[in-house]
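Below is one structure, written out as structure tokens; comments come after it.
The values are calculated or read from the model by the stated rules, or taken from the named source; none is laboratory data. Nothing here was measured: the structure is a model prediction, and the numbers come from that model. Ideal geometry is used to build each Cβ from the backbone, glycine not excepted, and the neighbour counts take in all protein chains shown.
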Amino acid sequence: MIKFWTFGILIFIVITIILAEFTLKHYREKTGEKMWKLWNGRSTYWRLLSLTSFGITVGIMLFLHWTGLIAIQ
């Protein structure tokens, strides 16, 4: 069970970093520098990024469990 959660957290962190690399600059340009400096601009971005990363992680973990590569014991 420890391996399952460790692998899940690792996948979540990697996906979050990859998505942040691709979307952060675009989001900052879209919302403007003034809005980004306010708390609302950053918190909205990170909340959406976290939810997206979580969804992708759940999908990957379900696929790996379905294929039998990761077993929950």
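What the table below lists for this structure:
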| read-out | value |
| --- | --- |
| Segment 1-25, residues that are at pLDDT 85 or above and of a type outside the set (A, V, I, L, M) | Trp5, Thr6, Phe7, Gly8, Phe12, Thr16, Glu21, Phe22, Thr23, Lys25 |
| In segment 44-66, the residues that are among the hydroxyl-bearing types (Ser, Thr, Tyr), modelled with pLDDT of 90 or more and within 20 Å of Tyr27 (Cα to Cα) | Ser50, Thr52, Ser53 |
| Test for Met35: is it under 17 Å from the mean Cα position of the chain (by Cα) and part of a helix (DSSP H, G or I) | no |
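Conditions (1) in contact with a Lys or Arg (Cβ under 6 Å, 6 or more places away or on another chain); (2) under 18 Å from Phe7 (Cβ atoms); (3) touching a residue at least 12 places away in the same chain (Cβ under 8 Å); (4) part of a helix (DSSP H, G or I), marked per residue:
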| position | (1), (2), (3), (4) |
| --- | --- |
| Leu19 | no, no, yes, yes |
| Leu24 | no, no, yes, yes |
| Lys30 | no, no, no, yes |
| Arg42 | no, no, no, yes |
| Met61 | no, yes, yes, yes |
